[in-house]
Amino acid sequence: MTKGLLLASSALLVGLSTTAAFAQQANDVGASSPGSSPSPQNPAAAPASQEIVVSGVRASLASAIGRKRQSAEIVDSIVAEDIGKLPDNNVAEALQRVTGVQITRSQGEGSGIAIRGLSQVQQLINGRNFFTTSGRTIALGDIPASMLAGIDVYKTAAADQIEGGIGGLVDIRLRRPFDFAGREQSATIKGFYGDIAKKVDPRVSMLLSNRWDTGIGEVGLLVSGAYQQRHYGSYRNATGAYETRTDLYDVNGNGVQDAGDAITAVTDAGTRYTYGSRKRWGLNLSAQWKPASNLEFYLDGMFNRESNREDDLTAYVRTGTSGFRASPATAVPPFTFDDGTNYFKYGSYANAKFAPATYAQDSAYTTYQFALGGKWDVGRLKLSGEGTYTSSSGWDSFKQIGIYANAPSYTLDLGNFIPNPSVSGFDPNDFSAYRFDNFQDEHHLNKGDEKSVRLDATYEMGSILTSIKAGVRFADRTSHHSGYTNDYSLSGDESLPLPGSIPGLLTTTPDQVFRGDYNLSLQQFALPRIDLVRNIEYARRILGFSTGTPANDPAQLYNITEKTYAAYVMANYAFTLFGIDFDGNAGVRYVKTKENVAGFQNLAGGGFAPLTANSSYGNWLPSANIRAKLTDRLYLRGAVSKVVTRPGFSQLTPAESLSYPFLTGTAGNPNLKPLKADQYDLSLEWYMSRTNILYAAAFLKNVDGFIQNISTEETVNGLPFLITRPSNGNNGTVKGVEVGYQTFFDFLPAPFDGFGIQANYTYVESNAPSPIPGQSVPLENLSKNSYNLIGIYEKGPISVRLAYNWRSKYVETTSGDAANRPLIAKPIGQLDASISYDLTPNISMTFDATNLTRNTLSDYYATPLLPKSVNAYDRTFEWGVRARF
């Protein structure tokens with residue numbers, strides 16, 4: 001297929017040259033040449049007789065349409081015409097409004113994205129590779145929307161794009177001083193409130209920029225920064241894994257335990273309170289120098305830091321056969337089953353293990369990047385180059401103390417989907433009822449850095465081939481991970497004191513899980529205090545373990561180096577054929593990748609052995625984009641390309657993370673191959689006016705080498721562990737359509753002419769290999785149907801936006817349990833609102849709200865008859881003042 005695409009691209013170039021005999025000289029194709037990034041200051045305008053002067057949100061939407069119209073590729077954009085006026089809080093949440101983009105959330109906040117069903121997305125900042133710690137991608141939730149100039153989402157590839165995204169490419173644009181005509185100063189101050197966390201947090205941002213004419217040329221300086229703090233809360237009721245068992249009771253009444261007694265029942269079920277806080281700092285520095293009209297240099301610096309603290313208060317009732325207790329709970333028949341199945345729905349046990357636990361999940365990381373570059377126009381020749389250094393490091397920790405008590409009677413009800421456990425025969429708030437169950441101390445260090453350099457040249461031809469562009473790029477990337485996991489089972493250790501006898505160790509939870517919405521039985525229980533769990537020296541001392549920092553685990557150590565060498569050539573073209581103007585680009589990119597993976601692996605009988613794996617591979621990546629201007633307002637686009645995504649560094653590592661109480665673990669695979677895809681795109685776009693657009697697109701991706709997680713039993717230190725590793729699977733496909741519409745009702749009489757609407761819908765069908773041989777599943781985190789419906793009103797000083805985002809069910813992981821059943825999330829929608837009022841031309845009051853409908857995220861194993869969890873998150877409110885001066 002690679003050769004076919006390469007031949008197709010080459011044939012297109014040859015065909016362009018042979019049409020010279022009967023094609024006219026290309027008409028003017030707009031302010032920006034094909035293949036170049038359009039300027040947000042030059043959106044495509046409607047004819048002068050129909051042009052409407054716009055500002056605020058309408059200006060941002062007009063600029064976004066302009067970028068889409070002028071681009072050589074199929075692209076959707078978000079533009080922040082006014083500083084700090086994007087209503088979403090971070091990049092991920094802003095991207096959920098883009099057609100074909102679906103986001104994942106962490107504690108109710110946008111965190112990651114997928115484009116047209118694929119999460120392997122190349123993410124850039126100002127056209128440069130950027131990443132968080134040892135990974136390949138950016139933690140998009142950590143970039144405040146207030147720092148943005150805009151975002152471009154490229155859905156088709158071009159030879160001059162940095163490779164790495166089979167889903168697409170997202171370029172996050174930060175501001176530079178030459179973006180403004182002169183001095184620019186702004187500041188935003190907001191308060192943020194979540195209705196579960198019940199705390200008010202500050203959010204501030206600022207920007208200072210100016211440019212001057214000096215004796216050495218024009219000079220510009222810009223500094224922008226943002227600080228955000230957020231307290232959050234959530235509730236969760238969940239089951240553990242499902243086991244098929246014949247030892248619970250005699251279902252068929254034949255007096256023996258046999259296959260007719262098989263019951264698919266949960267191993268554990270319980271509840272969780274989560275309270276956490278995040279702090280984020282962002283700083284963007286930029287200097288530009290233009291010593292001559294055709295020569296410009298820039299120096300950019302970016303700093304990003306995040307710190308997280310999370311408290312989790314849980315209680316689960318254990319009834320499983322392994323990893324939980326020596327003698328499992330006994331069933332008290334009869335059980336109730338879902339009609340026509342052996343799936344447990346309601347029933348009771350005697351002598352179950354009631355196990356509260358308190359754990360702290362904390363992390364912090366810092367990323368900074370410096371880039372020095374410039375561009376030089378020499379007549380028809382344009383040169384640009386850049387050198388970049390990026391470094392990101394961070395740590396994460398997990399600390400837990402668990403206790404347990406005997407529950408003489410335990411009942412579980414799954415009849416309303418949400419797991420509802422209840423216990424009786426003892427008081428869950430009685431400190432004296434408990435013994436120590438487990439203790440876990442886990443800490444990891446992650447670090448990554450990259451040095452890269454690129455050089456690009458464009459030569460203007462002035463014919464059917466309007467220009468030729470070529471370039472080279474070299475990147476040297478490292479990824480490091482180290483740490484330890486100490487996981488101790490304390491059940492049955494008679495030498496330990498009773499938890500209730502240690503002054504101040506235990507406390508009780510709130511009595512408000514899910515705010516009482518589901519009338520759940522298990523609301524309050526005793527457990528260790530979170531501050532003492534986080535005090536690891538104290539925890540080790542009371543539990544009889546040596547104090548001090550444990551040694552790193554060799555099995556969790558890896559160092560990866562990766563060098564990439566890339567070169568490309570691309571032709572931009574424009575011609576007129578049969579009265580229709582055509583333009584676009586065609587080219588090929590070649591990239592050579594060399595990787596070295598070093599680490600250790602566990603030996604079956606105990607101990608470790610070093611492991612080193614080297615790989616080297618090359619990829620030819622041809623691409624072609626064409627645009628036909630059927631009329632001045634109606635464009636038809638087509639694209640064909642081959643793209644590649646390298647495995648994540650954490651997927652390549654031989655490192656293993658083991659959980660001894662559950663005899664499970666996760667590990668990487670140094671022999672993973674990159675994912676490759678052949679993709680085909682078609683788009684029809686009607687630019688009705690500067691702010692009104694209707695468009696539709698169809699796409700097909702044939703993906704080779706899908707990475708899937710497979711669980712197999714392996715012996716480690718003489719014990720049988722169920723280890724989950726990534727593996728390259730068979731080929732799969734992603735195909736679908738997307739449509740979008742945006743309009744303002746200018747024809748209505750005032751004040752109704754301020755109304756507008758944005759609407760988009762995406763249908764994606766996927767087919768990927770399943771961990772179960774011979775079966776297939778949809779891609780992870782892909783909803784077959786999704787849409788956005790946004791109502792807008794902007795008139796005079798007031799601006800209002802009401803946005804509803806919905807997605808259908810999707811697979812969270814293809815292998816959710818030991819039976820390789822997929823874990824599937826139920827459909828979910830979210831309603832958000834944003835209001836601003838201009839007190840003066842330079843001062844605005846703002847109010848934003850998210851999750852107004854208090855949605856819950858629910859998931860299940862393969863069928864809704866096997867529920868997994870129900871999760872509720874904060875409804876948030878934000879208010880503040882934005883000023884330009």
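The values are calculated or read from the model by the stated rules, or taken from the named source; none is laboratory data. Since we're looking at a predicted model, the values are computed, not measured. Glycine gets a Cβ as well: all are built from the backbone with ideal geometry, and neighbour counts include every protein chain shown.
Here is how the numbers come out for the structure above:
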{"read-out": "Residues satisfying the stated conditions in the range 537-577, i.e. part of a strand (DSSP E or B) and hydrophobic (A, V, I, L, M, F, W, C)", "value": "ILE560, ALA566, ALA567, VAL569, MET570, ALA571, ALA574, PHE575, LEU577"}
{"read-out": "Residue within the range 110-117 that is of a type in the set (Ser, Thr, Tyr), at pLDDT below 80 and closer than 22 Å to ASN446 by Cα present", "value": "yes"}
{"read-out": "Test: residue in the range 823-839 that is over 21 Å from ALA697 (Cα atoms) and at pLDDT below 90", "value": "no"}
{"read-out": "Residue that is farthest from TYR404 (Cα to Cα) [pool: residues in the range 512-530 that are outside any loop (DSSP other than H, G, I, E, B) and touching a strand residue (DSSP E or B) at 6+ places or on another chain (Cβ under 7 Å)]", "value": "PHE514"}
{"read-out": "Output for the range 233-265, where each listed residue is within 30 Å of the chain's Cα centre (by Cα) and either modelled with pLDDT of 90 or more or not in a loop (DSSP other than H, G, I, E, B) (or both)", "value": "GLY233, SER234, TYR235, ARG236, ASN237, ALA238, THR239, TYR242"}
{"read-out": "Unique residue being surrounded by fewer than 21 Cβ atoms within 10 Å (Cβ to Cβ), in contact (Cβ under 8 Å) with a residue 40 or more places away in the chain and in a strand (DSSP E or B) when the list is TYR316, TYR298", "value": "TYR298"}
{"read-out": "Residue satisfying all of: in the range 641-686; closer than 21 Å to GLN123 by Cα and of a type in the set (Val, Ile, Thr); nearest to the chain's Cα centre (by Cα) among these", "value": "THR645"}
{"read-out": "Residues being under 30 Å from ALA639 (Cα atoms) and among the hydrophobic types (A, V, I, L, M, F, W, C) - total across the range 576-624", "value": "10"}
{"read-out": "Candidate set from the range 123-152 (those that are over 16 Å from GLU306 (Cβ atoms) and part of a loop (DSSP other than H, G, I, E, B)); member that is nearest to the chain's Cα centre (by Cα)", "value": "ARG136"}
{"read-out": "Breaking point among (1) free of Cβ contacts under 8 Å to residues at least 40 places away in the same chain; (2) over 25 Å from ASP817 (Cα atoms); (3) among the hydroxyl-bearing types (Ser, Thr, Tyr), for THR246", "value": "(2)"}
{"read-out": "Candidate set from the range 677-715 (those that are touching a helix residue (DSSP H, G or I) at 6+ places or on another chain (Cβ under 9 Å) and of a type outside the set (D, E, K, R)); member that is surrounded by the most Cβ atoms within 10 Å (Cβ to Cβ)", "value": "THR691"}
{"read-out": "Selection from the range 406-451 of residues that are among the hydrophobic types (A, V, I, L, M, F, W, C) and either surrounded by fewer than 22 Cβ atoms within 10 Å (Cβ to Cβ) or under 39 Å from the mean Cα position of the chain (by Cα) (or both)", "value": "LEU412, LEU414, PHE417, ILE418, VAL423, PHE426, PHE431, ALA433, PHE436, PHE439, LEU445"}
{"read-out": "Residues that are of a type in the set (A, V, I, L, M, F, W, C), surrounded by fewer than 16 Cβ atoms within 10 Å (Cβ to Cβ) and in contact (Cβ under 8 Å) with a residue 24 or more places away in the chain, drawn from the range 609-657", "value": "LEU611, TRP620, LEU630, LEU634, LEU636"}
{"read-out": "GLY605 being surrounded by fewer than 15 Cβ atoms within 10 Å (Cβ to Cβ), under 24 Å from VAL716 (Cβ atoms) and in contact (Cβ under 8 Å) with a residue 12 or more places away in the chain", "value": "yes"}
{"read-out": "Some residue of the range 560-583 being polar (S, T, N, Q) and farther than 22 Å from ARG69 by Cβ", "value": "yes"}
{"read-out": "Flag for THR576 being under 20 Å from ASN559 (Cβ atoms) and either surrounded by fewer than 18 Cβ atoms within 10 Å (Cβ to Cβ) or of a type in the set (Val, Ile, Thr) (or both)", "value": "no"}
{"read-out": "Strands (runs of 3 or more DSSP E) (entirely within the range 350-463) containing at least 2 residues that are aromatic (Phe, Trp, Tyr)", "value": "381-413, 435-460"}
{"read-out": "Residues (surrounded by fewer than 20 Cβ atoms within 10 Å (Cβ to Cβ) and in contact with a Pro (Cβ under 9 Å, 6 or more places away or on another chain)) located in the range 847-885", "value": "ALA862, ARG884"}
{"read-out": "Residues of the range 91-115 satisfying the condition of being out of contact with any Lys or Arg (no Cβ under 7 Å at 6 or more places or on another chain) and part of a loop (DSSP other than H, G, I, E, B)", "value": "GLN96, ARG97, VAL98, THR99, GLN107, GLY108"}
{"read-out": "Every pair of residues 6+ apart whose Cβ atoms lie under 6 Å, when the first sits in the range 320-342 and is of a type in the set (A, V, I, L, M, F, W, C) and in a loop (DSSP other than H, G, I, E, B) while the second is modelled with pLDDT of 70 or more and crowded, with 20+ Cβ neighbours inside 10 Å", "value": "PHE324/ARG318; ALA329/THR319; ALA329/TYR349; ALA329/ALA352"}
{"read-out": "Among residues of the range 455-471, those that are among the acidic types (Asp, Glu), within 17 Å of ALA158 (Cα to Cα) and out of contact with any Asp or Glu (no Cβ under 8 Å at 6 or more places or on another chain), counted", "value": "0"}
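Matching residues to (1) at pLDDT below 95; (2) more than 17 Å from PHE297 (Cα to Cα); (3) assigned to a loop (DSSP other than H, G, I, E, B):
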residue: VAL170; (1), (2), (3): yes, yes, no
residue: THR188; (1), (2), (3): yes, yes, no
residue: GLY191; (1), (2), (3): no, yes, no
residue: LEU208; (1), (2), (3): no, yes, no
residue: ASP213; (1), (2), (3): no, no, no
residue: GLU218; (1), (2), (3): no, no, no
residue: ALA226; (1), (2), (3): yes, yes, no
